[in-house]
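The structure appears below as structure tokens.
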Amino acid sequence: MKYCLTILLIVMHQLLFAQGKTGSMQGTVNVYSIQSLEIKKLSGVISFSSPNDFFNGVTVANYANIKVRSNENWILSFAAQSTYFSPLSQTASSDMPCSVLSIKVNGHNNFKKLKTNSKKLRQGNRGSNTPRHDFNIDVHMDPGFEYNGGLYSISVMYTLTKQ
């Protein structure tokens, strides 16, 4: 009988401590708004090599690739950093305006002339892995016959903001 009682006490002891205990904890997480803009140039110098190029301008499809990553809805804008192209050669004109260059999203219809005031290029929802977030741009250069031949440069600022 003594032996049976000992086994019963051990079993009762295990049953009491085998039951799980639960608890809870509360904490806070601070997730900041974050945006990332990556621009990769895909084409080289825009060249004018025939009279037709001067009559119609030159369009370069897929001139650059843009990737936007954001956990906020966003707007991507662009603007010229200066009113005029910078002449890089002695023969280049110093008065070629930034507006001879136009930009559009590849696959869209309308080019937007480059100006010093910001213009919306594209907008989208938060995320990173959709065609709206990873796209190419086309450029169109149309100086006509108004400016000297030469090598020119201009800086374009792309700005990513939340909506």
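So which residue, out of Gln81, Gln90, Gln35, gets the largest mean-square fluctuation from a GNM of the chain using Cα contacts under 10 Å as springs? Evaluated over the chain, the most mobile residue of the options is Gln90.
Running a GNM on the chain with Cα contacts under 10 Å, which residue among Lys41, Lys104, Lys21 ends up with the highest mean-square fluctuation? Taking springs between Cα atoms under 10 Å, the residue moving most is Lys21. The Cα atoms of the stretch 78-135 define a convex hull whose projected area, averaged across directions, is 5.3 nm².
All C-alpha to C-alpha distances of the chain, sorted into 5 Å bins beginning at zero, yield P(r) values of 2, 7, 13, 15, 13, 9, 6, 5, 3, 2, 2, 2, 2, 2, 3, 3, 2, 2, 2, 2, 1, 1, 0, 0 percent in whole numbers. Annotation: lysines with alpha-carbon distance below 25 angstrom to Lys119 (same-chain offsets under eight excluded): Lys40, Lys41, Lys67, Lys104, Lys162.
The relative contact order of the stretch 50-162 comes to 45 percent, based on Cα pairs under 8 Å that sit 6 or more residues apart.
Label reach from Ser43 (point 7 Å along Cα→C-beta): in the stretch 76-101, amide nitrogens under 14 Å belong to 101. Taking amide H positions as modeled 1.01 Å from N, with prolines and chain starts lacking one, the residues under 5 Å from Thr116 and 5 or more places away or on another chain are Ala80. Here the label points at Ser93 and Lys112, each 7 Å from Cα along the C-beta direction, are separated by 2.6 nm in the simple model.
Residue-wise HN-Hα couplings along the stretch 75-87, as the Karplus relation 6.51 cos²θ - 1.76 cosθ + 1.60 with θ = phi - 60° gives them from phi, are 10, 10, 10, 9, 7, 6, 7, 8, 6, 10, 5, 8, x Hz; Gly and Pro carry x.
Taking a point 7 Å from the Cα of Gln123 along the Cα-to-Cβ direction, the residues of the stretch 139-163 with backbone N closer than 20 Å to it are 158-163. Against the main long axis of the alpha-carbon atoms of the chain, helix 2-18 sits at an angle near 20°.
Read-outs throughout are calculated quantities, based only on the coordinates presented, and are distinct from any laboratory measurement. None of the values given here were measured: they were computed from a predicted structure. Virtual Cβ from ideal backbone geometry, glycine too; neighbours counted across all protein chains shown.
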